[in-house]
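The structure appears below as C-alpha coordinates.
The values are calculated or read from the model by the stated rules, or taken from the named source; none is laboratory data. As the structure is a computational prediction, the values presented were derived from the model and not from experiment. Glycine also receives a Cβ, built like all others from the backbone with ideal geometry; neighbour counts cover every protein chain displayed. Calculation scope for accessible area: heavy atoms of the full protein, side chains included, ligands and nucleic acids excluded. Shrake-Rupley method; radii C 1.70, N 1.55, O 1.52, S 1.80 Å.
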Amino acid sequence: MTEERLDALERRLRLVEDQLAITQVVLAYGPRVDSGCADAVAGLWAEDGCYEFQAGVAPLTGRTELADMVRSAPHQAHLNRGCAHVLTAPHVRVDGDTAIATCYSLMHHFVPDTGIFQVSRVSSNRWDLARTADGWRVVSRTNRLLNGDPAARELFAGTVGS
Amino acid sequence: MTEERLDALERRLRLVEDQLAITQVVLAYGPRVDSGCADAVAGLWAEDGCYEFQAGVAPLTGRTELADMVRSAPHQAHLNRGCAHVLTAPHVRVDGDTAIATCYSLMHHFVPDTGIFQVSRVSSNRWDLARTADGWRVVSRTNRLLNGDPAARELFAGTVGS
Amino acid sequence: MTEERLDALERRLRLVEDQLAITQVVLAYGPRVDSGCADAVAGLWAEDGCYEFQAGVAPLTGRTELADMVRSAPHQAHLNRGCAHVLTAPHVRVDGDTAIATCYSLMHHFVPDTGIFQVSRVSSNRWDLARTADGWRVVSRTNRLLNGDPAARELFAGTVGS
(Lines give C-alpha, C1' and ligand atoms only; values in the text may rest on other atoms or scores of the structure.)
Protein backbone atom coordinates (compact mmCIF):
# COMPACT_ATOMS: atom_id res chain seq x y z
CA MET A 1 0.00 0.00 0.00
CA THR A 2 2.77 2.44 0.96
CA GLU A 3 4.71 1.21 -2.03
CA GLU A 4 1.81 1.91 -4.36
CA ARG A 5 1.26 5.38 -2.97
CA LEU A 6 4.95 6.18 -3.40
CA ASP A 7 4.87 4.89 -6.97
CA ALA A 8 1.87 7.03 -7.78
CA LEU A 9 3.39 10.13 -6.19
CA GLU A 10 6.63 9.69 -8.09
CA ARG A 11 4.77 9.24 -11.37
CA ARG A 12 2.57 12.30 -10.82
CA LEU A 13 5.44 14.47 -9.60
CA ARG A 14 7.54 13.55 -12.60
CA LEU A 15 4.78 14.74 -14.93
CA VAL A 16 4.58 18.04 -13.05
CA GLU A 17 8.36 18.46 -13.22
CA ASP A 18 8.28 17.71 -16.95
CA GLN A 19 5.62 20.36 -17.57
CA LEU A 20 7.59 22.96 -15.64
CA ALA A 21 10.92 22.06 -17.26
CA ILE A 22 9.42 22.32 -20.76
CA THR A 23 7.85 25.66 -19.87
CA GLN A 24 11.25 26.89 -18.69
CA VAL A 25 12.87 25.89 -22.00
CA VAL A 26 10.36 27.98 -23.94
CA LEU A 27 10.58 30.93 -21.52
CA ALA A 28 14.39 30.92 -21.70
CA TYR A 29 14.40 31.49 -25.46
CA GLY A 30 13.46 35.18 -25.50
CA PRO A 31 15.93 36.48 -22.90
CA ARG A 32 18.73 34.43 -24.47
CA VAL A 33 18.07 35.50 -28.06
CA ASP A 34 17.50 39.14 -27.11
CA SER A 35 20.79 39.27 -25.22
CA GLY A 36 22.68 37.68 -28.09
CA CYS A 37 23.77 34.62 -26.09
CA ALA A 38 24.25 32.47 -29.16
CA ASP A 39 25.42 29.25 -27.54
CA ALA A 40 22.80 29.48 -24.82
CA VAL A 41 20.08 29.75 -27.48
CA ALA A 42 21.49 26.80 -29.41
CA GLY A 43 21.75 24.77 -26.20
CA LEU A 44 17.96 24.78 -25.84
CA TRP A 45 17.80 22.55 -28.91
CA ALA A 46 18.86 18.92 -29.26
CA GLU A 47 22.13 18.45 -31.15
CA ASP A 48 20.33 17.95 -34.45
CA GLY A 49 17.24 19.99 -33.63
CA CYS A 50 15.70 22.30 -36.20
CA TYR A 51 13.88 25.63 -36.29
CA GLU A 52 11.55 26.52 -39.14
CA PHE A 53 10.99 30.18 -38.45
CA GLN A 54 9.40 31.27 -41.69
CA ALA A 55 7.40 29.54 -44.40
CA GLY A 56 9.41 29.11 -47.56
CA VAL A 57 12.78 29.57 -45.85
CA ALA A 58 14.98 26.53 -45.18
CA PRO A 59 14.88 25.63 -41.47
CA LEU A 60 17.95 26.04 -39.31
CA THR A 61 19.30 22.60 -38.43
CA GLY A 62 21.71 21.78 -35.63
CA ARG A 63 23.23 23.95 -32.92
CA THR A 64 25.87 25.51 -35.15
CA GLU A 65 23.28 26.96 -37.52
CA LEU A 66 21.17 28.15 -34.59
CA ALA A 67 24.10 29.92 -32.93
CA ASP A 68 25.16 31.39 -36.28
CA MET A 69 21.69 32.91 -36.70
CA VAL A 70 22.09 34.71 -33.36
CA ARG A 71 25.55 35.95 -34.36
CA SER A 72 24.43 36.99 -37.84
CA ALA A 73 24.46 40.62 -38.95
CA PRO A 74 20.65 40.81 -39.33
CA HIS A 75 20.06 39.54 -35.79
CA GLN A 76 22.72 41.84 -34.34
CA ALA A 77 21.03 44.73 -36.14
CA HIS A 78 17.76 43.81 -34.42
CA LEU A 79 19.51 43.89 -31.03
CA ASN A 80 21.15 47.23 -31.68
CA ARG A 81 17.89 48.76 -32.83
CA GLY A 82 16.09 47.41 -29.74
CA CYS A 83 13.95 44.32 -30.00
CA ALA A 84 12.08 41.85 -27.83
CA HIS A 85 11.12 38.30 -28.77
CA VAL A 86 8.22 37.97 -26.36
CA LEU A 87 6.94 34.40 -25.96
CA THR A 88 3.80 33.55 -24.06
CA ALA A 89 3.79 30.74 -21.51
CA PRO A 90 3.13 27.57 -23.50
CA HIS A 91 0.31 25.07 -23.38
CA VAL A 92 2.17 21.78 -22.80
CA ARG A 93 1.29 18.19 -23.59
CA VAL A 94 3.68 15.54 -22.29
CA ASP A 95 3.54 12.03 -23.71
CA GLY A 96 6.24 9.95 -22.02
CA ASP A 97 9.59 11.12 -23.36
CA THR A 98 8.24 13.57 -25.93
CA ALA A 99 6.11 16.68 -25.62
CA ILE A 100 4.40 19.39 -27.65
CA ALA A 101 4.36 23.00 -26.47
CA THR A 102 2.13 25.62 -28.10
CA CYS A 103 2.46 29.38 -27.69
CA TYR A 104 2.57 32.79 -29.37
CA SER A 105 5.69 34.74 -30.23
CA LEU A 106 5.45 38.52 -30.53
CA MET A 107 8.39 40.42 -31.94
CA HIS A 108 8.55 44.01 -30.72
CA HIS A 109 10.85 46.68 -32.14
CA PHE A 110 11.74 50.05 -30.70
CA VAL A 111 10.93 52.90 -33.06
CA PRO A 112 13.23 55.86 -32.33
CA ASP A 113 11.05 58.38 -34.20
CA THR A 114 8.12 57.78 -31.90
CA GLY A 115 9.90 56.60 -28.75
CA ILE A 116 7.48 53.69 -28.50
CA PHE A 117 7.43 50.10 -29.75
CA GLN A 118 5.81 48.41 -32.72
CA VAL A 119 4.60 44.81 -32.90
CA SER A 120 6.40 43.62 -36.01
CA ARG A 121 5.37 39.97 -35.99
CA VAL A 122 2.87 37.77 -34.16
CA SER A 123 3.17 34.05 -34.87
CA SER A 124 1.73 30.73 -33.83
CA ASN A 125 4.42 28.42 -32.47
CA ARG A 126 4.69 24.65 -32.14
CA TRP A 127 7.60 23.18 -30.21
CA ASP A 128 8.33 19.44 -30.30
CA LEU A 129 10.58 18.42 -27.44
CA ALA A 130 12.28 15.26 -26.25
CA ARG A 131 13.67 14.09 -22.93
CA THR A 132 17.45 13.75 -23.28
CA ALA A 133 20.27 12.87 -20.90
CA ASP A 134 20.65 16.63 -20.30
CA GLY A 135 16.96 17.33 -19.77
CA TRP A 136 14.22 18.44 -22.16
CA ARG A 137 15.52 19.78 -25.46
CA VAL A 138 13.84 21.15 -28.61
CA VAL A 139 13.70 18.70 -31.50
CA SER A 140 11.76 21.01 -33.77
CA ARG A 141 10.18 24.46 -33.56
CA THR A 142 7.88 25.89 -36.20
CA ASN A 143 6.45 29.43 -36.43
CA ARG A 144 3.76 30.75 -38.74
CA LEU A 145 2.83 34.43 -39.07
CA LEU A 146 -0.76 35.12 -37.96
CA ASN A 147 -1.49 37.38 -40.92
CA GLY A 148 -4.57 35.53 -42.12
CA ASP A 149 -2.58 32.70 -43.71
CA PRO A 150 -4.45 29.43 -42.94
CA ALA A 151 -1.09 27.73 -42.23
CA ALA A 152 -0.76 29.64 -38.95
CA ARG A 153 -4.17 28.43 -37.81
CA GLU A 154 -3.47 24.87 -38.89
CA LEU A 155 -0.33 24.87 -36.77
CA PHE A 156 -2.43 25.68 -33.70
CA ALA A 157 -5.29 23.36 -34.64
CA GLY A 158 -2.89 20.44 -34.88
CA THR A 159 -1.71 20.83 -31.29
CA VAL A 160 -4.54 22.05 -29.07
CA GLY A 161 -7.52 21.77 -31.35
CA SER A 162 -9.06 18.75 -29.72
CA MET B 1 4.50 8.77 10.50
CA THR B 2 4.95 7.43 6.96
CA GLU B 3 1.19 7.62 6.57
CA GLU B 4 1.16 11.27 7.57
CA ARG B 5 3.98 12.17 5.25
CA LEU B 6 2.22 10.44 2.37
CA ASP B 7 -1.01 12.27 3.18
CA ALA B 8 0.80 15.61 3.23
CA LEU B 9 2.58 14.89 -0.04
CA GLU B 10 -0.64 13.90 -1.78
CA ARG B 11 -2.39 17.03 -0.54
CA ARG B 12 0.43 19.34 -1.63
CA LEU B 13 0.90 17.63 -4.99
CA ARG B 14 -2.80 17.87 -5.72
CA LEU B 15 -2.68 21.63 -5.19
CA VAL B 16 0.27 21.91 -7.58
CA GLU B 17 -1.53 19.80 -10.17
CA ASP B 18 -4.63 21.96 -9.79
CA GLN B 19 -2.64 25.16 -10.36
CA LEU B 20 -1.02 23.74 -13.47
CA ALA B 21 -4.25 22.30 -14.87
CA ILE B 22 -6.04 25.65 -14.45
CA THR B 23 -3.15 27.47 -16.09
CA GLN B 24 -3.38 25.06 -19.02
CA VAL B 25 -7.11 25.75 -19.45
CA VAL B 26 -6.43 29.48 -19.74
CA LEU B 27 -3.43 29.01 -22.05
CA ALA B 28 -5.42 26.70 -24.35
CA TYR B 29 -8.02 29.38 -25.09
CA GLY B 30 -5.97 31.54 -27.47
CA PRO B 31 -4.66 28.82 -29.79
CA ARG B 32 -8.11 27.22 -29.95
CA VAL B 33 -10.04 30.40 -30.67
CA ASP B 34 -7.44 31.67 -33.17
CA SER B 35 -7.56 28.40 -35.09
CA GLY B 36 -11.35 28.41 -35.18
CA CYS B 37 -11.70 25.16 -33.24
CA ALA B 38 -15.20 25.98 -32.04
CA ASP B 39 -15.97 22.83 -30.06
CA ALA B 40 -12.52 22.80 -28.46
CA VAL B 41 -13.08 26.38 -27.25
CA ALA B 42 -16.51 25.52 -25.88
CA GLY B 43 -15.11 22.41 -24.19
CA LEU B 44 -12.99 24.58 -21.90
CA TRP B 45 -16.19 25.76 -20.25
CA ALA B 46 -18.57 23.80 -18.01
CA GLU B 47 -21.81 22.76 -19.74
CA ASP B 48 -23.64 25.86 -18.52
CA GLY B 49 -20.60 28.12 -18.21
CA CYS B 50 -20.78 31.74 -19.32
CA TYR B 51 -18.50 34.34 -20.90
CA GLU B 52 -19.12 38.05 -20.41
CA PHE B 53 -16.74 39.47 -22.96
CA GLN B 54 -17.95 43.05 -23.12
CA ALA B 55 -19.75 45.35 -20.73
CA GLY B 56 -23.31 45.98 -21.85
CA VAL B 57 -23.46 42.91 -24.09
CA ALA B 58 -25.34 39.80 -22.94
CA PRO B 59 -22.89 37.07 -21.88
CA LEU B 60 -22.59 33.89 -23.88
CA THR B 61 -24.10 31.03 -21.89
CA GLY B 62 -23.52 27.33 -22.47
CA ARG B 63 -21.28 25.52 -24.90
CA THR B 64 -23.56 25.93 -27.91
CA GLU B 65 -23.45 29.72 -27.69
CA LEU B 66 -19.69 29.65 -27.15
CA ALA B 67 -19.09 27.45 -30.19
CA ASP B 68 -21.50 29.57 -32.25
CA MET B 69 -19.46 32.66 -31.41
CA VAL B 70 -16.34 31.00 -32.84
CA ARG B 71 -18.25 29.96 -35.97
CA SER B 72 -19.88 33.39 -36.41
CA ALA B 73 -19.13 35.59 -39.41
CA PRO B 74 -17.47 38.33 -37.29
CA HIS B 75 -15.06 35.87 -35.65
CA GLN B 76 -14.27 34.19 -38.97
CA ALA B 77 -13.53 37.63 -40.41
CA HIS B 78 -11.04 38.20 -37.58
CA LEU B 79 -9.32 34.92 -38.45
CA ASN B 80 -9.13 35.68 -42.14
CA ARG B 81 -7.75 39.14 -41.47
CA GLY B 82 -5.11 37.73 -39.11
CA CYS B 83 -5.63 37.96 -35.37
CA ALA B 84 -4.14 36.70 -32.13
CA HIS B 85 -5.93 36.44 -28.80
CA VAL B 86 -2.84 36.59 -26.61
CA LEU B 87 -3.47 35.64 -22.97
CA THR B 88 -0.87 36.05 -20.26
CA ALA B 89 -0.18 33.22 -17.83
CA PRO B 90 -2.73 33.62 -15.06
CA HIS B 91 -2.36 34.28 -11.37
CA VAL B 92 -4.28 31.36 -9.82
CA ARG B 93 -6.01 30.95 -6.47
CA VAL B 94 -7.35 27.48 -5.71
CA ASP B 95 -9.89 27.01 -2.94
CA GLY B 96 -10.86 23.34 -2.76
CA ASP B 97 -12.99 22.57 -5.80
CA THR B 98 -13.20 26.13 -7.13
CA ALA B 99 -10.57 28.58 -8.31
CA ILE B 100 -10.07 32.11 -9.60
CA ALA B 101 -7.58 32.87 -12.37
CA THR B 102 -6.57 36.44 -13.24
CA CYS B 103 -4.78 37.53 -16.40
CA TYR B 104 -4.61 39.97 -19.31
CA SER B 105 -5.94 39.36 -22.81
CA LEU B 106 -4.40 41.29 -25.70
CA MET B 107 -6.06 41.14 -29.08
CA HIS B 108 -3.66 41.73 -31.95
CA HIS B 109 -4.69 42.30 -35.56
CA PHE B 110 -2.57 42.19 -38.66
CA VAL B 111 -2.70 45.44 -40.65
CA PRO B 112 -1.98 44.74 -44.32
CA ASP B 113 -1.24 48.38 -45.16
CA THR B 114 1.68 48.50 -42.76
CA GLY B 115 2.67 44.83 -42.65
CA ILE B 116 2.77 44.99 -38.85
CA PHE B 117 0.28 44.34 -36.06
CA GLN B 118 -1.90 46.60 -33.95
CA VAL B 119 -3.02 45.98 -30.38
CA SER B 120 -6.76 46.37 -30.74
CA ARG B 121 -7.85 45.48 -27.22
CA VAL B 122 -6.19 44.97 -23.82
CA SER B 123 -8.51 43.70 -21.08
CA SER B 124 -8.45 42.55 -17.49
CA ASN B 125 -9.76 38.99 -17.17
CA ARG B 126 -11.30 37.04 -14.30
CA TRP B 127 -11.93 33.33 -14.73
CA ASP B 128 -13.97 31.37 -12.19
CA LEU B 129 -13.36 27.65 -12.52
CA ALA B 130 -14.68 24.47 -10.93
CA ARG B 131 -13.37 20.95 -10.60
CA THR B 132 -15.62 18.63 -12.61
CA ALA B 133 -15.59 14.93 -13.41
CA ASP B 134 -13.69 15.87 -16.61
CA GLY B 135 -11.16 18.15 -14.91
CA TRP B 136 -11.15 21.91 -14.32
CA ARG B 137 -13.69 23.81 -16.42
CA VAL B 138 -14.64 27.49 -16.74
CA VAL B 139 -17.82 28.44 -14.91
CA SER B 140 -17.57 32.12 -15.76
CA ARG B 141 -15.15 34.41 -17.54
CA THR B 142 -15.40 38.18 -17.50
CA ASN B 143 -13.30 40.71 -19.49
CA ARG B 144 -13.16 44.47 -19.09
CA LEU B 145 -11.35 46.81 -21.49
CA LEU B 146 -8.46 48.65 -19.81
CA ASN B 147 -9.33 51.99 -21.39
CA GLY B 148 -9.55 53.95 -18.18
CA ASP B 149 -12.95 52.54 -17.22
CA PRO B 150 -12.87 51.86 -13.44
CA ALA B 151 -14.73 48.57 -14.04
CA ALA B 152 -11.58 47.02 -15.51
CA ARG B 153 -9.59 47.95 -12.42
CA GLU B 154 -12.30 46.71 -10.08
CA LEU B 155 -12.24 43.33 -11.81
CA PHE B 156 -8.55 43.00 -10.98
CA ALA B 157 -8.86 44.47 -7.48
CA GLY B 158 -11.51 41.88 -6.62
CA THR B 159 -9.22 38.95 -7.37
CA VAL B 160 -5.62 39.81 -6.49
CA GLY B 161 -5.97 43.08 -4.64
CA SER B 162 -5.29 41.69 -1.20
CA MET C 1 14.07 2.77 1.55
CA THR C 2 10.60 4.22 2.12
CA GLU C 3 12.22 6.92 4.19
CA GLU C 4 14.58 7.83 1.36
CA ARG C 5 11.82 7.92 -1.21
CA LEU C 6 9.77 10.19 1.03
CA ASP C 7 12.76 12.47 1.56
CA ALA C 8 13.37 12.70 -2.17
CA LEU C 9 9.70 13.39 -2.92
CA GLU C 10 9.54 16.13 -0.32
CA ARG C 11 12.68 17.75 -1.67
CA ARG C 12 11.50 17.64 -5.28
CA LEU C 13 7.99 18.82 -4.44
CA ARG C 14 9.34 21.74 -2.48
CA LEU C 15 11.32 22.88 -5.51
CA VAL C 16 8.20 22.68 -7.67
CA GLU C 17 6.20 24.63 -5.10
CA ASP C 18 8.95 27.25 -4.95
CA GLN C 19 8.95 27.70 -8.73
CA LEU C 20 5.18 28.11 -8.80
CA ALA C 21 5.09 30.46 -5.83
CA ILE C 22 7.74 32.71 -7.38
CA THR C 23 5.87 32.72 -10.68
CA GLN C 24 2.73 33.77 -8.83
CA VAL C 25 4.54 36.70 -7.19
CA VAL C 26 5.61 38.01 -10.59
CA LEU C 27 2.19 37.41 -12.17
CA ALA C 28 0.43 39.22 -9.31
CA TYR C 29 2.31 42.46 -9.95
CA GLY C 30 0.45 43.61 -13.07
CA PRO C 31 -3.13 43.16 -11.86
CA ARG C 32 -2.25 44.79 -8.53
CA VAL C 33 -0.47 47.81 -9.97
CA ASP C 34 -3.07 48.32 -12.72
CA SER C 35 -5.89 48.30 -10.19
CA GLY C 36 -4.09 50.75 -7.94
CA CYS C 37 -3.88 48.36 -4.98
CA ALA C 38 -0.88 50.11 -3.44
CA ASP C 39 -0.41 48.00 -0.31
CA ALA C 40 -0.90 44.79 -2.25
CA VAL C 41 1.85 45.82 -4.68
CA ALA C 42 4.20 46.75 -1.83
CA GLY C 43 3.42 43.46 -0.08
CA LEU C 44 5.06 41.53 -2.91
CA TRP C 45 8.39 42.97 -1.80
CA ALA C 46 10.38 42.21 1.34
CA GLU C 47 10.20 44.95 3.98
CA ASP C 48 13.36 46.60 2.70
CA GLY C 49 13.10 45.42 -0.92
CA CYS C 50 13.95 47.76 -3.76
CA TYR C 51 12.77 48.43 -7.32
CA GLU C 52 15.06 50.04 -9.87
CA PHE C 53 12.60 50.78 -12.62
CA GLN C 54 14.63 53.13 -14.76
CA ALA C 55 18.32 53.69 -15.34
CA GLY C 56 19.51 56.91 -13.76
CA VAL C 57 16.54 57.20 -11.41
CA ALA C 58 16.99 56.37 -7.71
CA PRO C 59 15.39 53.00 -6.94
CA LEU C 60 12.33 52.78 -4.73
CA THR C 61 13.32 51.24 -1.40
CA GLY C 62 10.98 49.72 1.15
CA ARG C 63 7.25 49.12 1.07
CA THR C 64 6.30 52.70 1.90
CA GLU C 65 8.06 54.07 -1.18
CA LEU C 66 6.60 51.30 -3.33
CA ALA C 67 3.05 52.00 -2.15
CA ASP C 68 3.59 55.75 -2.54
CA MET C 69 4.58 55.19 -6.18
CA VAL C 70 1.25 53.46 -6.83
CA ARG C 71 -0.64 56.28 -5.09
CA SER C 72 1.34 59.01 -6.87
CA ALA C 73 -0.32 61.42 -9.29
CA PRO C 74 1.64 60.13 -12.32
CA HIS C 75 0.63 56.51 -11.69
CA GLN C 76 -3.00 57.47 -11.06
CA ALA C 77 -2.94 59.39 -14.35
CA HIS C 78 -1.78 56.21 -16.10
CA LEU C 79 -4.71 54.30 -14.59
CA ASN C 80 -7.26 56.91 -15.57
CA ARG C 81 -5.93 57.05 -19.11
CA GLY C 82 -6.04 53.25 -19.37
CA CYS C 83 -2.88 51.22 -18.98
CA ALA C 84 -1.70 47.64 -18.63
CA HIS C 85 1.59 46.49 -17.11
CA VAL C 86 1.79 43.17 -18.92
CA LEU C 87 4.43 40.80 -17.52
CA THR C 88 5.36 37.56 -19.20
CA ALA C 89 5.62 34.36 -17.18
CA PRO C 90 9.15 34.33 -15.75
CA HIS C 91 12.03 31.97 -16.23
CA VAL C 92 12.86 30.97 -12.64
CA ARG C 93 16.05 29.70 -11.03
CA VAL C 94 15.77 28.61 -7.40
CA ASP C 95 18.91 28.22 -5.31
CA GLY C 96 17.91 27.19 -1.81
CA ASP C 97 16.32 30.20 -0.14
CA THR C 98 16.98 32.67 -2.94
CA ALA C 99 15.86 32.80 -6.55
CA ILE C 100 16.19 34.80 -9.76
CA ALA C 101 13.21 35.34 -12.06
CA THR C 102 13.62 36.76 -15.57
CA CYS C 103 10.83 38.14 -17.75
CA TYR C 104 9.62 40.95 -20.01
CA SER C 105 7.37 43.81 -18.99
CA LEU C 106 5.29 45.53 -21.66
CA MET C 107 3.47 48.71 -20.79
CA HIS C 108 0.39 49.31 -22.92
CA HIS C 109 -1.57 52.56 -23.01
CA PHE C 110 -5.01 53.20 -24.42
CA VAL C 111 -5.00 55.92 -27.09
CA PRO C 112 -8.44 57.57 -27.23
CA ASP C 113 -7.85 59.16 -30.64
CA THR C 114 -7.41 55.80 -32.31
CA GLY C 115 -9.42 53.58 -29.97
CA ILE C 116 -6.54 51.10 -29.87
CA PHE C 117 -3.50 50.57 -27.65
CA GLN C 118 0.15 51.53 -28.00
CA VAL C 119 3.12 49.66 -26.57
CA SER C 120 4.86 52.42 -24.67
CA ARG C 121 7.66 50.45 -23.05
CA VAL C 122 9.19 46.96 -23.38
CA SER C 123 11.83 46.11 -20.78
CA SER C 124 14.01 43.28 -19.63
CA ASN C 125 13.35 42.40 -15.99
CA ARG C 126 15.39 40.69 -13.30
CA TRP C 127 13.75 39.82 -10.00
CA ASP C 128 15.82 38.64 -7.03
CA LEU C 129 13.65 36.93 -4.46
CA ALA C 130 14.13 35.41 -1.01
CA ARG C 131 12.18 32.89 1.04
CA THR C 132 10.77 34.67 4.09
CA ALA C 133 8.52 33.63 6.96
CA ASP C 134 5.59 34.89 4.84
CA GLY C 135 6.64 33.15 1.63
CA TRP C 136 8.71 34.31 -1.33
CA ARG C 137 9.20 38.08 -1.46
CA VAL C 138 11.03 40.42 -3.86
CA VAL C 139 14.39 41.64 -2.57
CA SER C 140 15.23 43.56 -5.71
CA ARG C 141 13.69 44.14 -9.13
CA THR C 142 15.49 45.85 -11.99
CA ASN C 143 14.08 46.87 -15.41
CA ARG C 144 15.95 48.08 -18.46
CA LEU C 145 14.27 49.47 -21.59
CA LEU C 146 14.93 47.31 -24.67
CA ASN C 147 15.62 50.30 -26.92
CA GLY C 148 19.02 49.15 -28.12
CA ASP C 149 20.79 50.09 -24.88
CA PRO C 150 23.31 47.29 -24.10
CA ALA C 151 22.34 47.50 -20.42
CA ALA C 152 19.01 45.82 -21.18
CA ARG C 153 20.75 42.94 -22.87
CA GLU C 154 23.31 42.61 -20.10
CA LEU C 155 20.51 42.30 -17.56
CA PHE C 156 19.17 39.26 -19.46
CA ALA C 157 22.61 37.80 -20.18
CA GLY C 158 23.41 37.83 -16.48
CA THR C 159 20.45 35.64 -15.56
CA VAL C 160 19.73 33.13 -18.34
CA GLY C 161 22.73 33.51 -20.59
CA SER C 162 24.42 30.31 -19.63
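Some points to look at:
- In region C:5-25, the residues that are open to solvent by less than 10 Å² (accessible area, probe 1.4 Å), within 9 Å of chain B (Cβ to nearest Cβ) and within 20 Å of A:Thr23 (Cα to Cα): C:Leu13, C:Val16
- Residues that are in a strand (DSSP E or B) and not acidic (Asp, Glu), drawn from region A:120-134: A:Ser120, A:Arg121, A:Val122, A:Ser123, A:Ser124, A:Asn125, A:Arg126, A:Trp127, A:Leu129, A:Ala130, A:Arg131, A:Thr132
- Of everything in region B:101-119 that is assigned to a strand (DSSP E or B) and open to solvent by 20 Å² or more (accessible area, probe 1.4 Å), the residue that is farthest from C:Ala28 (Cα to Cα) is B:Val111.
- Of the residues making up region C:91-100, those that are part of a strand (DSSP E or B) and touching a residue at least 12 places away in the same chain (Cβ under 8 Å) are C:His91, C:Val92, C:Arg93, C:Val94, C:Thr98, C:Ala99, C:Ile100.
- Sub-6 Å Cβ pairs linking a first residue in region C:106-121 that is under 17 Å from B:Ser124 (Cβ atoms) to a second residue that is assigned to a loop (DSSP other than H, G, I, E, B), at least 6 apart or interchain, are C:Phe110/B:Asn147; C:Phe110/C:Gly82, ordered by first then second residue.
- Residue list for region C:70-93, restricted to those being open to solvent by less than 40 Å² (accessible area, probe 1.4 Å) and among the aliphatic types (A, V, I, L, M): C:Val70, C:Leu79, C:Ala84, C:Val86, C:Leu87, C:Ala89, C:Val92
- Residue match in region C:145-161 (condition: more than 25 Å from A:Ala38 (Cα to Cα) and open to solvent by 20 Å² or more (accessible area, probe 1.4 Å)): no
- Across region B:135-162, the number of residues qualifying as out of contact with any strand residue (DSSP E or B) (no Cβ under 9 Å at 6 or more places or on another chain) and part of a loop (DSSP other than H, G, I, E, B) comes to 3.
- The one condition from (1) at the interface with chain B (Cβ under 7 Å from one of its Cβ atoms); (2) open to solvent by less than 40 Å² (accessible area, probe 1.4 Å) that C:Thr2 does not meet is (2).
- Scanning region B:32-50 for residues that are acidic (Asp, Glu) and crowded, with 20+ Cβ neighbours inside 10 Å yields a single hit, B:Asp34.
So that you can scan it fast, the table gives a plain yes or no per residue for (1) of a type in the set (Val, Ile, Thr); (2) within 12 Å of chain B (Cβ to nearest Cβ):
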| residue | (1), (2) |
| --- | --- |
| C:Tyr29 | no, yes |
| C:Val41 | yes, yes |
| C:Gly49 | no, no |
| C:Thr61 | yes, no |
| C:Ala73 | no, no |
| C:Thr98 | yes, no |
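- Given (1) assigned to a strand (DSSP E or B); (2) hydrophobic (A, V, I, L, M, F, W, C); (3) in contact with a Leu (Cβ under 6 Å, 6 or more places away or on another chain), index of the condition C:Leu66 fails: (1)
- All positions within region B:99-149 that are under 24 Å from B:Ala58 (Cβ atoms) and among the hydroxyl-bearing types (Ser, Thr, Tyr): B:Thr102, B:Tyr104, B:Ser105, B:Ser120, B:Ser123, B:Ser124, B:Ser140, B:Thr142
- Contact map, region A:44-71: residues that are under 18 Å from A:Arg32 (Cβ atoms) paired with residues that are open to solvent by 60 Å² or more (accessible area, probe 1.4 Å) and in a helix (DSSP H, G or I), Cβ distance under 7 Å, separation 6+ or inter-chain. Pairs shown: A:Trp45/A:Arg63; A:Glu47/A:Arg63; A:Ala67/A:Asp39.
- Members of region A:75-84 found to be at the interface with chain C (Cβ under 9 Å from one of its Cβ atoms) and of a type outside the set (S, T, N, Q), listed by number: A:Leu79, A:Arg81, A:Gly82, A:Cys83, A:Ala84
- Screening region A:51-69 for residues that are over 18 Å from A:Ser123 (Cβ atoms) and not β-branched (Val, Ile, Thr) and picking the one that is surrounded by the fewest Cβ atoms within 10 Å (Cβ to Cβ) gives A:Asp68.
- First in region A:134-154 and within 8 Å of chain B (Cβ to nearest Cβ), second anywhere and open to solvent by 50 Å² or more (accessible area, probe 1.4 Å) and not in a strand (DSSP E or B), Cβ under 6 Å, 6 or more apart: A:Gly148/B:Asn80; A:Gly148/B:Arg81
- Those residues of region A:100-133 which are under 15 Å from the mean Cα position of the chain (by Cα), more than 9 Å from every other protein chain (Cβ to nearest Cβ) and of a type in the set (A, V, I, L, M), in sequence order: A:Ile100, A:Ala101, A:Met107, A:Leu129, A:Ala130
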